[in-house]
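Notes for the one structure printed next.
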Amino acid sequence: GENVEQHPSTLSVQEGDSAVIKCTYSDSASNYFPWYKQELGKRPQLIIDIRSNVGEKKDQRIAVTLNKTAKHFSLHITETQPEDSAVYFCAASRGNTDKLIFGTGTRLQVFP
Amino acid sequence: DTEVTQTPKHLVMGMTNKKSLKCEQHMGHRAMYWYKQKAKKPPELMFVYSYEKLSINESVPSRFSPECPNSSLLNLHLHALQPEDSALYLCASSQDKGWREQFFGPGTRLTVL
């Protein structure tokens, strides 16, 4: 079955710096890749997603890139702020199923 | 209404108790999900309902019993749980299957004594 690996497990950056989180997936049929942010004690919330028919998507300070050949995708956060501190989960799924496979998560800490 | 709600927020139960978790959405979504999340781990899929029918059961023990009374409601009935079942139980919904954002509820924090 599908397996999603996520790195790093923890990431500490200074406010204003960029942060990059990387994920690799095993199922070449996966074609939907969302990223969720989960603050402490809160629900996971979608921050950006990408489908396999595009290679990059950007929304203000957040961008996601997808390399289908290498089967990896990355989250880029620029000009980080303390409120970006949270756990970030990548996920992958086949578009014709309901099943999201989550990565193991990255705890991002942004220091003022 | 663009939210998934869950009740109760917290639940403490003994191993012989029977309890239920409830989830509700009024976004017209036709797929609903139960996830289990342990501390510092990703959400782990338990069940998926699509158009009020169970479409995925991830080999969950029978002490967890899902129910979808209608397109807006999802229940999880709990019976004879074990302490290792203590976790955050998250409900989610999406417009339809595949390629769709899943909206998560706030979760029920379950403790089994």
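The values are calculated or read from the model by the stated rules, or taken from the named source; none is laboratory data. Note that this is a predicted model, so its numbers are computed, not measured. Reconstructed Cβ throughout: ideal geometry from the backbone, glycine too, with neighbour counts over all protein chains shown.
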Original post:
Just checking, which of B:Y51, B:Y89, B:Y35 is over 14 Å from the mean Cα position of the chain (by Cα) and of a type in the set (S, T, Y)?
Top reply: B:Y51
Original post:
For region B:54-113, list the strands (runs of 3 or more DSSP E) that sit wholly inside it and hold at least 2 residues that are within 14 Å of chain A (Cβ to nearest Cβ), in contact (Cβ under 8 Å) with a residue 60 or more places away in the chain and surrounded by 19 or more Cβ atoms within 10 Å (Cβ to Cβ); which are they?
Top reply: B:87-94
Subject >> Only one of B:E84, B:E58 that is closer than 29 Å to A:I50 by Cβ and not basic (K, R) >> reply: B:E58
Original post:
Does A:R61 count as within 14 Å of chain B (Cβ to nearest Cβ) and either of a type in the set (G, A, S) or surrounded by 13 or more Cβ atoms within 10 Å (Cβ to Cβ) (or both)?
Top reply: no
**OP:** Mind telling me which of the residues A:S26, A:S12, A:S18, A:S30 ends up being over 30 Å from B:K9 (Cα atoms), surrounded by 16 or more Cβ atoms within 10 Å (Cβ to Cβ), in contact with a strand residue (DSSP E or B) (Cβ under 9 Å, 6 or more places away or on another chain) and small (G, A, S)?
**Re:** A:S30
Original post:
Quick one: would you say A:K42 is at pLDDT below 95 and among the basic types (K, R)?
Top reply: yes
Subject >> Residue pairs meeting the criteria (Cβ under 6 Å; at least 6 apart or on separate chains; first more than 22 Å from A:D84 (Cα to Cα), in region A:1-18; second at pLDDT 95 or above and part of a strand (DSSP E or B)) >> reply: A:V4/A:C23; A:V4/A:Y25
**OP:** Inspect all residues belonging to region B:8-29 and state whether any of them is within 12 Å of chain A (Cβ to nearest Cβ) and surrounded by fewer than 17 Cβ atoms within 10 Å (Cβ to Cβ).
**Re:** yes
**OP:** Among the residues of region A:30-41, write down those that are in contact (Cβ under 8 Å) with a residue 24 or more places away in the chain and either at the interface with another protein chain (Cβ under 10 Å from one of its Cβ atoms) or over 29 Å from B:Y89 (Cβ atoms) (or both).
**Re:** A:N31, A:Y32, A:P34, A:Y36, A:Q38
**OP:** Scan region A:64-112 residue by residue and report those that are in contact with a strand residue (DSSP E or B) (Cβ under 7 Å, 6 or more places away or on another chain), surrounded by fewer than 13 Cβ atoms within 10 Å (Cβ to Cβ) and in a loop (DSSP other than H, G, I, E, B).
**Re:** A:Q81
